[in-house]
1. In nm, give the distance between the simple-model label positions of A:Leu34 and B:His85, each being 7 Å from the Cα along the Cα-to-Cβ direction.
2. Once you have a ≥ b ≥ c as the square roots of the Cα gyration tensor eigenvalues for segment B:55-180, tell me rounded if a/c is under 1.5, and otherwise prolate or oblate according to whether a/b is larger than b/c.
3. If the chain between B:Asp73 and B:Glu141 were fully stretched, how many nm would it gain, using 0.36 nm times the residue separation less the Cα-Cα distance?
4. Under 1.5 on a/c is rounded, so check that first for segment B:3-400, then, if it is not, pick prolate when a/b is larger than b/c and oblate when it is not; a ≥ b ≥ c are the square roots of the alpha carbon gyration tensor eigenvalues.
5. Could you list, in their original order, any pairs among B:Lys116/B:Lys338; B:Lys67/B:Lys296; B:Lys325/B:Lys371; A:Lys51/B:Lys371; B:Lys201/B:Lys385; B:Lys338/B:Lys385 whose Cα atoms are separated by more than 25 Å?
6. So which DSSP H runs in chain B come out at 27 Å plus along the axis (Cα) with average Kyte-Doolittle of at least 1.0?
7. Report relative contact order for chain B in percent, whole number only (criteria: Cα-Cα under 8 Å, sequence separation at least 6).
8. Provide the buried accessible surface between chains B and A in square angstrom, both chains summed, 1.4 Å probe, rounded to the nearest 100.
Amino acid sequence: MSTPGTRRYLCFYCGTVYDEVLGWPDDGIAPGTLWEDVPEDWLCPECAASKADFILDED
Amino acid sequence: MTTATLDHPAHVPANRVIDFDLFHFPVDGLEYQRSMRDILGANPAPVLWTPRNGGHWIAHSHETVAKVLADADHFSSRRIMVGPHDDTRPPLVPLQLDPPHHAPYRALLQQALSPKAVGQLGERARELSIELIEGFVTDGECEFIGQFAQHLPIAIFMEIVGLPASDRPYLTSIAETAMRGETEAERGQASGQLLAYGMQKVAERKASPGADLISTIAAAQVDGKSIDDFTLAGMVLLLLLGGLDTVASTLGFYAQFLARNPEHRRALVEQPGLIPNANEELLRRFPIAILAREVKAAVELGGVTLHAGDLIMVPTPMDGLDERKFADPLTVDFNREKPGANSTFGGGVHRCVGSMLARTELRIFLEEWLKRIPDFSIKPGTDPKVSARSVATITSLHLTWPVR
């Protein structure tokens with residue numbers, strides 16, 4: 001699914017999913033936050049990989 | 001030995017010198033990581049120096065380990081291991097290439113090891129895992145390394161690269177010698193054998209391409225040109241060493257821990273929902289890789305100045321076992337918050353490209369083994385040992401369990 005607002009991004013290293021619908025409230029990222037608006041210095045909450053290490057889940 | 005008796009270069013402060021030999025330090029039983037931490041802990045400074053193995057720095061805190069791995073401008077991966085360096089051998093590509101040269105080669109591997117590709121491989125790993133365990137569960141015992149740890153990840157790897165399962169015993173044997181042979185000559189000879197095997201496969205795939213990773217690499221173009229044989233050799237050698245050795249080694253540390261800790265076993269049996277976090281916690285507690293980097297340009301690190309050409313050892317356990325980052329770090333706590341933020345898989349631009357596959361295989365081991373063999377222990381009378389150079393492994397691990 002690749003419609004802005006409903007996209008999901010997978011951490012390449014551990015598979016953690018960033019879902020735009022859900023955001024990541026624990027890190028101050030509100031539900032509905034588009035991937036491009038996620039701060040560039042945000043790290044994978046599970047394995048600390050960088051934002052650049054997430055890839056679009058196109059399923 | 002006191003620091004006063006140890007030689008060191010003029011730019012190394014005497015109070016940073018420690019007598020530590022990566023290849024000959026005493027390991028207490030199977031406690032490789034704890035033993036290293038204890039010995040290095042004699043000097044709490046974040047960066048140390050040892051005169052052993054040609055003389056090298058040691059990153060000794062979570063901050064310095066992470067910083068070295070993240071800073072490719074100052075720390076080159078031209079040299080990735082402590083010990084002699086042979087420039088005539090093909091570099092392990094992309095691991096021993098610095099940015100930006102590593103990127104196109106790394107992209108080739110990333111396609112084969114993406115989360116999507118790993119999802120499909122995971123199903124195969126589960127089938128194989130069940131098949132292996134069912135094969136010996138009624139025996140009440142097994143030699144875990146030979147009968148499981150060297151089968152599961154290696155069979156999956158062999159499928160990725162399209163190698164016949166019948167070659168597994170030969171490949172695991174020479175990979176073991178290449179990594180941990182007694183002498184430099186033995187290790188060099190085994191690396192040469194691995195290389196010759198890999199290049200033979202490259203030649204075969206060039207002549208008759210398949211859908212496997214070696215065929216992909218053999219046919220790939222970088223900057224509009226085919227990859228030359230010297231570089232291809234380095235890529236194949238990295239695949240063979242990385243794919244054959246690391247997950248098998250980690251499985252050994254997982255199994256010995258669970259064999260000796262019935263409460264932890266029971267927690268996972270009774271609450272399988274803990275397994276994903278337990279997997280991360282065990283990875284934090286039992287890293288196996290002792291990396292290194294070469295200093296490219298003078299740089300300040302941990303209160304000392306490293307000079308160009310110096311080598312720094314980067315022990316990945318010094319990140320996950322640093323009490324300034326993880327409270328009570330030697331204790332395995334399956335409920336620990338975010339244990340996965342560590343350097344077990346390296347870091348920076350060379351972070352392990354196969355880590356998603358490794359995580360998946362390790363998790364499947366926990367899930368399928370504990371369903372079938374919830375209680376097991378190390379067989380009395382056996383004496384398992386750690387064999388270590390730059391990657392630590394347990395060479396044999398006899399387990400026993402009640403047959404139900």
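The values are calculated or read from the model by the stated rules, or taken from the named source; none is laboratory data. Since we're looking at a predicted model, the values are computed, not measured. Virtual Cβ from ideal backbone geometry, glycine too; neighbours counted across all protein chains shown. Side chains are part of the model used for accessible areas, which takes the heavy atoms of the whole protein and leaves out ligands, DNA and RNA. Shrake-Rupley method; radii C 1.70, N 1.55, O 1.52, S 1.80 Å.
1. In this crude spin-label approximation the distance works out to 4.6 nm.
2. prolate
3. 19.4 nm
4. It is oblate, given that a/c is not under 1.5 and a/b is not larger than b/c.
5. Table pairs above 25 Å Cα-Cα are B:Lys325/B:Lys371; A:Lys51/B:Lys371; B:Lys201/B:Lys385; B:Lys338/B:Lys385.
6. Those that pass (Cα extent of 27 Å or more, hydropathy at least 1.0) are B:229-260.
7. Values: 657 pairs, mean separation 107.5, N = 404.
Once normalised by length, the contact order is 27 percent.
8. For B against A, buried area totals roughly 1200 Å².
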